[in-house]
Structures are given as C-alpha cells and as structure tokens.
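*Asks:* Before anything else, here's the structure in question.
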Amino acid sequence: MEKNNPRFSKRSFRASPDVALIKYWGKKDPILRLPENNSISMILKGLDANTTVEFREDLTKDDIAIQGMQSEIEGRRVVEHLDLIRNTTNIFAYAQVKSKNNFPKSTGLSSSGSGFAALTYAAFSSLGLEFSEKELSIIARQASGTACRCVCGGFVEWESGFSSESSYSHSIYPADYWDLRDIVVILSKDSKTVSSTEGHNLAKTSPFFSARQNHIENKLKEIKKTINNRDFTAFGEIVESEALEFHSILFTSHPSIVAWYPGTIQVIHEVFRLRKEGFEAYFTINTGFNVHVLTLPKDANVVRERISALSLVQEVLVASPGEKPNEIYDHLF
Ligand code: PMV
C-alpha cells in the first residue's frame, strides 16, 4: 500500500443510465466483455446514479454501500472493478464507496451502466488521475457493457472492436441534437429473474441469433440515418422492431427467457392504440419487464397520462437525452 498519498480525495459523480436503441446482445469475449455487435443508445437525463468514492490509506478492505444492494454479487462486482482500477493505475489503496439511485435497480433499466460509469469517474478522480473518455469507457466496459456507453453523453455508439483497446464508446450526436422523450414505465421493482450476464451467454443458443448478425450492420447504418435526419417515425419503427427481434431471441434461447410481465403487454397495446390515434410513440424493452416508450415532446403529456392510467403500471418517469457523467459536490458520506 502507498502511504499518505496526497493526491487522494473524496469525489462524487452523477451518471445516467441509457436506453439501448440497437442492443448489445452476446459477447465474443466474455472476460473482456467484447460484444458481438456495435450498439447505439441514448443517455437518459432524469434518471441518476450518484456515487461517492474515497481511496484511503487507513482502510484494510474496501467499504461498499450500494443503496438497496440486492445481493453480495453486486458488492463483489464493485470490488472487482476497484481491483481493475488498482491494477491499471498501480495504486494499491482500498476505497470507501457509497452509491444511490433515483430509479429501481436490476429491473432492465441499465442501473449497472450508470452505477459503474459513476464509479469509474469518481474512482479516477479520487485517485487524482486524469483519464480520457475513451480510456474510461474501456475500463467501465470491463465492469458492465452498458457502462461502456454511459461514460459518454447524448446519442452513443459502442464500437464492438476486436481487442480491449478497440472496444469503447463515443458520442455520435450530442444530447441537444434531438429533443426526445423517454417515458420510462415501471411495472415492478422486483429484480429480474435472469441477469443480462446470464442472458448474453445464451444468445447463440437461439436459431434467430445468426439471422440478427446478418443484418445488424445495416440496421446500425439505418438508425444513424434516422437520428441524423431527426426522422422520428423511421427511428421509432427501427427501435421497436429491434426490441421485438431481441425478445424473439430471448424467447427462443435454451433455456428460454421470457422477461415480460402482463403489464409489459398492456403497455405495448396502449402504444399501438396511441399510434392509431395519431400520437407518435414506440416502445423498447431490455432484459427486464419494464418498458421505455419513446415519443416527441409534443405528444409526451398525452403518452405519459395514458400509460400512467393503465392498471398494471406502478410509476412512470420522464427522461430526455442526457449528458455524460458530471462531478457533484454533495458527497454521500
Ligand atoms: O450491460 P449488460 O450486461 O447489462 O447488458 C445489456 C443488455 C441490453 O440491455 C439488453 C442491451 C443493451 O445494449 O443495453
């Protein structure tokens, strides 16, 4: 252990999760978390993970407090990430870490993405080290795939790469490029039954996985075009069909993953009804049961009210395109 390191300080960061528009599913290297394909997401302003980190000489082990920590595995993943940071920086001190979210964890809302993005920024800052966004993305990727995107802002692409150094994310359009709304629909705060880590390992057991790989490059190209042109109808159609394709792979994996709850279907049908009535809304769903409904600011109030009124909906949150993680000064300890 280094002694009396004057560079150490207590630092806090706020990071937002993202909504995957073209999903990361399956890994070509599970240890390094190199994904099978590039993915594209939008960072969500309005949903936050706040994390405070302090490396200290007097600690004899890491001291981790994650709000609502549902299992020891979560604490272990944080310690493993701190180990990676220690090995990368050659600074071998333990850390105190506390983190708090304003949205439910482990329900398909990318809480590990925002959590590990905030942790990575706060840890490097606590060590007094400057790192580029690309380097932070490479480090964060090794804790959680989505965290690799959540170190960036706006609309983000994760380049799958072919090695650790070439697999990282970058912003393709800034947050203010396109004013969209994501109505985040919470049907339950229960933890999902299959983690995405387990799910990725099953991806190739679906007969549809190879079909996806055959057209994914084209899909990525097409969605970028729709963002560039701010063409919401074309964008929404790609996002929604991507979600259905992704869940078809989950349904047909061995063993199969049926993540949806009855409320998931209720929301999907309400989105179809809203579109029939002329409101622009499209859904997407990650590995959980909770749903993202993407819409335009002009339709957001109606969409929010209609979705909130559904019998199986617990709560809705409204998000818009968000920035990369930022430093905050209200520490959690
Ligand atoms: O980063 P993970 O291991 O939680 O995997 C995320 C998988 C999806 O949310 C389904 C897709 C994505 O790109 O975020």
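*Asks:* On the accessible surface of the chain, probed at 1.4 Å, how many percent belong to carbon and sulfur atoms?
*Replies:* Reported share for carbon and sulfur atoms: 51 percent.
*Asks:* Could you list the GluC sites (Glu not before Pro) in the range 250-310 that lie in coil according to DSSP, counting only those with at most 13 other Cβ atoms within 10 Å of their Cβ?
*Replies:* Here the sparse-neighbourhood loop sites are Glu277.
*Asks:* Provide the percentage of antiparallel DSSP beta bridges, counting only those with both residues in the chain; round to the nearest 5.
*Replies:* If we restrict to bridges inside the chain, about 90 percent are antiparallel.
*Asks:* Between Tyr168, Tyr261, Tyr282, find the one with the highest GNM mean-square fluctuation for the chain; connect C-alpha pairs within less than 10 Å.
*Replies:* Maximum fluctuation in the GNM of the chain, among the listed residues, is at Tyr261.
*Asks:* Starting at the first residue of the range 274-284, write each ³J(HN,Hα) from the Karplus equation 6.51 cos²θ - 1.76 cosθ + 1.60 with θ = phi - 60°, in whole Hz, x for Gly and Pro.
*Replies:* Here the 3J(HN,Hα) series is 4, 5, 4, 8, x, 8, 8, 8, 9, 9, 8 Hz.
*Asks:* Still on this structure, please answer the following. Using a 10 angstrom Cβ neighbour count of at most 12 plus a DSSP loop assignment to flag exposed trypsin sites (Lys or Arg not before Pro), which longest range of the chain is free of such sites?
*Replies:* 62-333
*Asks:* As a quick test, which of the pairs Lys27/Lys276; Lys27/Lys134; Lys45/Lys134; Lys100/Lys204; Lys27/Lys219 have an alpha carbon distance above 27 angstrom in this structure?
*Replies:* Lys27/Lys276; Lys100/Lys204
*Asks:* Taking the inverse of the average 1/r across all pairs of different Cα atoms in the chain, what Kirkwood radius in Å do you get?
*Replies:* Over the chain, the inverse of the mean reciprocal pair distance is 20.1 Å.
*Asks:* Something else about it: Which value, in Å², gives the accessible area per residue of the chain when a 1.4 Å probe is used on the protein heavy atoms?
*Replies:* Spelled out: the 1.4 Å probe surface of the chain, per residue, equals 41 Å².
*Asks:* What whole number of Å gives the distance from the Cα centroid of the range 145-170 to the Cα centroid of the range 5-49?
*Replies:* What the calculation gives is 8 Å, centre to centre.
*Asks:* Hey, another quick one. To the nearest 500 deg cm²/dmol, what mean residue ellipticity at 222 nm is calculated for the chain from DSSP H runs of n ≥ 4 alone, each contributing -39,500 (n - 2.57), summed and divided by the residues?
*Replies:* Counting only the DSSP helices, I get -12000 deg cm²/dmol.
*Asks:* On to the next question. Which residues' amide hydrogens lie under 5 Å from the amide hydrogen of Lys27, considering only partners 5 or more residues apart or on another chain, with H built in the peptide plane?
*Replies:* It is Glu36, by chain and number.
*Asks:* Oh, and also: Read phi for every residue in the range 183-188 and hand back ³J(HN,Hα) as whole Hz from Karplus 6.51 cos²θ - 1.76 cosθ + 1.60, θ = phi - 60°, with x for Gly and Pro.
*Replies:* Going residue by residue, I get 8, 8, 9, 9, 9, 7 Hz, with x marking Gly and Pro.
*Asks:* Further question: Give me a comma-separated list of calculated 3J(HN,Hα) values for the range 197-209, in order, Karplus coefficients 6.51, -1.76, 1.60 applied at θ = phi - 60°, integers in Hz, x for any Gly or Pro.
*Replies:* 4, 5, x, 3, 5, 9, 3, 6, 7, 8, x, 8, 4
The values are calculated or read from the model by the stated rules, or taken from the named source; none is laboratory data. These figures come from a predicted structure and were not determined experimentally. Here Cβ is always computed from backbone atoms with ideal geometry, including for glycine, and neighbour counts include all displayed protein chains. We work out accessible area using only protein heavy atoms, side chains counted, and drop any ligands, DNA or RNA first. Shrake-Rupley method; radii C 1.70, N 1.55, O 1.52, S 1.80 Å.
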